[in-house]
Amino acid sequence: MKLIVTEKHSVGQSIANVLGRLERKQGYLQNEQYIVSWCVGHLVRLCNADEYREEYKSWKYSDLPILPAPWKMCVQAEKQEQFTILERWMNDSRITEIVCATDAGREGESIFRWVYEQAGCRKPVERLWISSMEERAIREGLENVQPSTKYDNLYQSALCRAKADWLVGINATRLFSVLYGQKKLNIGRVMTPTLALVAQREENISHFQPEPFFTVLLDCGEFSAVSERISDPQAAEAIQISCQRKQAVVQALTKRSGSEQ
């Protein structure tokens with residue numbers, strides 16, 4: 001019997017429709033050949049700091065940096081029931097082969113593998129890699145599953161990103177929150193640089209000082225050619241003088257449509 005694990009229930013149902021008649025159960029679909037179940041997003045996550053040590057429940061400067069060694073995984077409390085279903089089937093003696101059918105990407109790879117590792121499963125795994133839920137695409141994908149080891153580097157990339165998020169988020173958030181006051185100051189690997197870009201843009205707008213500039217316009221009849229902005233009026237005037245009563249040659253003309261605020 002083969003276990004197929006998807007990321008979402010809707011994907012599991014689409015795959016089951018291709019496989020034939022499967023009976024609906026609690027948290028999975030089943031017939032004599034297949035079990036199709038799903039992860040409901042992230043079932044397993046990197047453990048929080050206070051799940052390593054009780055004293056980390058209090059945020060203290062002296063505890064920083066927190067560097068887990070070894071890293072630990074925890075099951076999402078609100079999704080424990082679905083994890084238990086997958087764990088049971090992964091380790092069921094009737095299951096001889098597992099197909100990872102989570103979303104085709106780095107995140108999907110980590111979602112499956114964290115469940116697989118947390119369940120303590122060691123059975124062979126194949127990877128279903130599809131980006132369409134059309135019946136034809138699913139059939140072709142099922143006929144061309146690849147060894148899961150082919151995607152090991154993709155998983156390592158996902159794991160690296162997740163750990164980087166944890167290290168930056170946990171340590172920097174605690175650091176700034178302890179240093180600067182009562183409220184929690186969320187710091188993130190992506191969120192904080194993005195916020196900095198927005199803040200810098202707002203700062204530039206607030207302190208904008210208009211500066212005069214000059215351009216040289218060349219009247220070509222049906223259209224005009226305009227120079228770049230020139231801050232020095234004498235330089236602009238020199239260009240104007242050099243072009244007077246001279247023949248101009250159009251070397252290239254590009255047309256494009258667009259809109260402006």
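Brief remarks follow.
- Selection of the stretch 138-158 for residues being open to solvent by 60 Å² or more (accessible area, probe 1.4 Å) and touching a residue at least 60 places away in the same chain (Cβ under 8 Å) yields only Arg139.
- With respect to (1) surrounded by fewer than 19 Cβ atoms within 10 Å (Cβ to Cβ); (2) of a type in the set (Phe, Trp, Tyr); (3) not in a loop (DSSP other than H, G, I, E, B), the lone exception for Tyr116 is condition (1).
- Of the residues examined, Asp103 is one that is of a type in the set (Asp, Glu), within 20 Å of Ile130 (Cβ to Cβ) and assigned to a loop (DSSP other than H, G, I, E, B).
- Single residue of the stretch 164-185 satisfying the filter (open to solvent by 90 Å² or more (accessible area, probe 1.4 Å) and free of Cβ contacts under 8 Å to residues at least 40 places away in the same chain) that is nearest to Tyr61 (Cα to Cα): Tyr180
- Selection of the stretch 22-54 for residues being more than 23 Å from Leu128 (Cα to Cα), open to solvent by 20 Å² or more (accessible area, probe 1.4 Å) and part of a loop (DSSP other than H, G, I, E, B) yields Gln26, Asn48, Tyr52, Arg53.
- Index of the failed condition, Pro70 passing every other in (1) under 30 Å from Gln182 (Cα atoms); (2) assigned to a loop (DSSP other than H, G, I, E, B): (1)
- Scope the stretch 223-261; condition basic (Lys, Arg) and either part of a helix (DSSP H, G or I) or more than 49 Å from the chain's Cα centre (by Cα) (or both); matching residues: Arg245, Lys246
- A count restricted to the stretch 149-162 and to residues that are farther than 16 Å from Glu107 by Cβ and either of a type in the set (Phe, Trp, Tyr) or in contact with a strand residue (DSSP E or B) (Cβ under 8 Å, 6 or more places away or on another chain) (or both) stands at 1.
- Residues in the stretch 203-254 that are β-branched (Val, Ile, Thr) and in contact with a helix residue (DSSP H, G or I) (Cβ under 8 Å, 6 or more places away or on another chain): Thr215, Val216, Ile230.
- Residue among Glu135, Glu97, Glu126, Glu107 that alone is farther than 30 Å from Pro65 by Cβ, touching a residue at least 40 places away in the same chain (Cβ under 8 Å) and touching an Asp or Glu at 6+ places or on another chain (Cβ under 9 Å): Glu97
- Within the stretch 1-21, being of a type outside the set (Lys, Arg), touching a strand residue (DSSP E or B) at 6+ places or on another chain (Cβ under 7 Å), assigned to a loop (DSSP other than H, G, I, E, B) and open to solvent by 30 Å² or more (accessible area, probe 1.4 Å) holds for one residue alone: Met1.
- Residue in the stretch 180-193 that is modelled with pLDDT of 95 or more and farther than 30 Å from Gln234 by Cα present: no
- Failed item, numbered, when Glu134 is tested on (1) open to solvent by 70 Å² or more (accessible area, probe 1.4 Å); (2) closer than 21 Å to Lys163 by Cα: (2)
- For the stretch 55-94, the set of residues classified as under 22 Å from Pro124 (Cβ atoms) and either in contact with a helix residue (DSSP H, G or I) (Cβ under 6 Å, 6 or more places away or on another chain) or surrounded by fewer than 15 Cβ atoms within 10 Å (Cβ to Cβ) (or both) consists of Met73, Leu86, Arg88, Asn91, Asp92, Ser93, Arg94, listed by residue number.
The values are calculated or read from the model by the stated rules, or taken from the named source; none is laboratory data. Bear in mind that the values here come from a model prediction, so they are computed numbers and not experimental data. Neighbour counts are summed over all protein chains in view; Cβ atoms, including those assigned to glycine, are modelled from backbone coordinates with ideal geometry. The area values use the complete protein model at the heavy-atom level, side chains included, leaving out ligands, DNA and RNA. Shrake-Rupley method; radii C 1.70, N 1.55, O 1.52, S 1.80 Å.
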